[in-house]
Amino acid sequence: MSDTINVLLIGGGGREHALAIKLRQSKRLGELWITHPENAGLAKLGKPVDVPVSIREIYRLQQFCDKNNIGLVVIGPEDPLAEGYADKLAAPGRLVFGPTAEAAKLESDKAWAKQLMKSSSIPTGDARIFTDARAAKDYLASREHPPALEGKAQKIAGKAAAELPPVIKAAGLAKGKGVIVPATFKEANEAIDRIMVAKEFGEAGARVVIEERLEGPEVSVLAIVDGHNILVLPPCQDHKRLLDGDKGPNTGGMGAYCPAPIIDDATLAIVERDVLVATLDALRREGIEYKGVLYAGIMLTAAGPKVLEFNCRFGDPECQPLMARLNSDIIELLCAACTGTLDKIDVEWDERPACCVVMAARGYPDKPKKGAVIEGLDAAAKVKDTSVTIAGATRTKDGTVAVSGGRVLGVTSLGDTIADARARAYEACDKITFEGAQFRRDIAARST
Ligand code: AMP
Ligand code: GLY
């Protein structure tokens, strides 16, 4: 199989730019089409589709694929997967990388995913699901003030009352913002109001999941799944909080590195067996076949690894260090996932670790400010074994590249050690300037 194949890449962030760079390196690539030419990085690598991209007019994209002989569609983000793009774009002679809408419910419906995990004894925090704010608050009150107990039991209840409140999650997709980790029960109550009464996340908040508070380091375990076989990718660690030392608000992710030595091989094997394979089995029992990326957000608790969330796609920014390390042809890999032949291919990784530092706009994540001109991109890309992926930056009419989103860039470097990779990434970050740029200085620091 050495024919070339025309590829349509859906999505417009840093993850998709990293995928596009890899697609461009493939010997199998014919033409590369993109849906988001406003991303200055993607615009350089692919041709923009000339039809609207929306599920309501999906027939336009279907016709586009037919006309341009698209053999592979790669869907990057969760929203189009949840909307059913994979279902609608698959056709004879055309492969689609990404799960169906039904399978993507693992990410798009946290309540459903929680029930699936519970019914299959997949390790995760205990949780209750509510459709009514009053009932949710009554439950919180019962957690805050457990009924009085006698003697020893009272001591235990007293301890429980002093514990941190549970985590409040909107069940639906909320652009990564629907999870609130409250510091007090008052904040937990307010979170219920924000989600269910003020409807800050719209319909995504029609149900809430109130989940036991877990503690421990977090690790992202991603696998490529072909319906039968599963290929676990090297583990990554993301940094979700905005500021150094894991302070500040949650974000989409401020940086990631790979591999992440915080998870050892034995624990990774447990995650593969008890989480990834168990989840695919549970889906199969529901009559759902899974193809694409299965991403488990894992917390390494004192009681073993537990699932915080599932995603049905590559992580962003985890995809950037993963793609930097992938030595194999990505089209071979994605096609094998689509055709159930992952067991027939060898996938090779660069031995060297990779580290990605995200540079964000002033005001991110609440109100990112757009328009700042970015300088130094070429100088940064010249740092050895470094690539710069664009997430939210666009080429303006006068030829400059300017901030157009919250997360602006990802700077990814390979190095002989994690310390080398991060030193290189920061050397490159220091060559890039734009007004209000913010980035963490401690990405990967805990593993050096
Ligand atoms: P999620 O989008 O579900 O991964 O949640 C975003 C972030 O919230 C996670 O990366 C964790 O840092 C935190 N989080 C989610 N669930 C819990 C939990 N049960 N206990 C503690 N922290 C959590
Ligand atoms: N980096 C976290 C995510 O992609 O959901």
Mind scanning K27/K384; K118/K367; K177/K384; K175/K370; K88/K384; K22/K118 and naming the pairs with a C-alpha gap bigger than 30 Å?
K118/K367; K177/K384; K88/K384; K22/K118
For L308, what residues show an amide H to amide H distance below 5 Å, using hydrogens built from the backbone and excluding near sequence neighbours?
G297, I298, M299
What Cys residues in the chain are without a partner cysteine, judged by a Cβ distance under 4.7 Å?
C65, C312, C319, C335, C338, C355, C356, C429
Approximate spin-label separation A269-E31, in nm, with each point projected 7 Å along Cα-to-Cβ:
4.9
Averaged per residue, the 1.4 Å probe accessible area of the chain, protein heavy atoms only, in Å², is roughly 44
Pop a pseudo-label 7 angstrom from the Cα along the beta-carbon direction at both D193 and A302 and give the gap in nm to one decimal.
3.4
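Can you tell me what share of the DSSP beta bridges in the stretch 5-100 is antiparallel? A percent to the nearest 5 is fine. Mind showing how you got there, number by number?
Working: 1 of 15 bridges.
Given both bridge residues lie in the stretch 5-100, the antiparallel proportion sits at roughly 5 percent.
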Hey, for a label at T433 modelled as a point 7 Å past Cα toward Cβ, could you say which residues of the stretch 353-375 have their backbone N under 15 Å away?
372-375
Given q = 0.06 Å⁻¹, what are the Debye log10 I(q)/I(0) values for the chain, with equal point scatterers placed on the Cα positions and solvent ignored?
-0.25
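Can you sort R24, R194, R273, R313 by solvent-accessible area, 1.4 Å probe, largest first? Numbers along the way, then the final one.
Numbers: R24 115, R194 95, R273 150, R313 30 Å².
From most accessible down to least: R273, R24, R194, R313.
Regarding the stretch 299-407, what's the average projected area of the Cα-atom convex hull, expressed in nm²?
On the way: hull surface 43.6 nm².
Its average projected convex-hull area is 10.9 nm².
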Calculate, for T400 and E215, the FRET efficiency according to 1/(1 + (r/R0)^6) with r their C-beta to C-beta distance and R0 35 Å; round to the nearest 0.05.
0.15
Would you mind calculating the gained length between I262 and H228 on full extension (0.36 nm times residue separation, minus the Cα-Cα distance), in nm to one decimal?
9.4 nm
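Pull up the DSSP beta bridges for the chain and report the antiparallel fraction as a percent, rounded to 5. Write down the numbers at each step before the final one.
On the way: 59 of 74 bridges.
Roughly 80 percent of the beta bridges in the chain run antiparallel, per DSSP.
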Dividing the Cα convex hull volume of the stretch 5-100 by residue count, how many Å³ per residue is that?
85
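How high is the relative contact order of the stretch 5-100, given as a whole-number percent (alpha carbon pairs under 8 Å, six or more residues apart)?
That works out to 29 percent.
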Please turn the phi angles of the stretch 215-231 into ³J(HN,Hα) values with the Karplus equation 6.51 cos²θ - 1.76 cosθ + 1.60 (θ = phi - 60°), one per residue in order, whole Hz, x for glycine and proline.
9, x, x, 10, 9, 9, 10, 10, 9, 9, 10, 10, x, 10, 9, 9, 10
For the chain, what does the helix formula give at 222 nm: sum of -39500 (n - 2.57) over DSSP H segments with n ≥ 4, over the residue count, nearest 500 deg cm²/dmol?
-8500 deg cm²/dmol
Roll a 1.4 angstrom probe over the protein heavy atoms and tell me the percent of accessible area of the stretch 156-257 that is carbon or sulfur.
56
If r is the Cβ-Cβ distance from K44 to D343 and R0 is 25 Å, what FRET efficiency results, to the nearest 0.05?
0.10
Could you pull the accessible area for S387 with a 1.4 Å probe, rounded to 10 Å²?
50
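The values are calculated or read from the model by the stated rules, or taken from the named source; none is laboratory data. Since this is a predicted model, take the numbers as computed values, not measurements. Reconstructed Cβ throughout: ideal geometry from the backbone, glycine too, with neighbour counts over all protein chains shown. All accessible areas refer to the heavy atoms of the entire protein, side chains included, with ligands and DNA or RNA removed. Shrake-Rupley method; radii C 1.70, N 1.55, O 1.52, S 1.80 Å.
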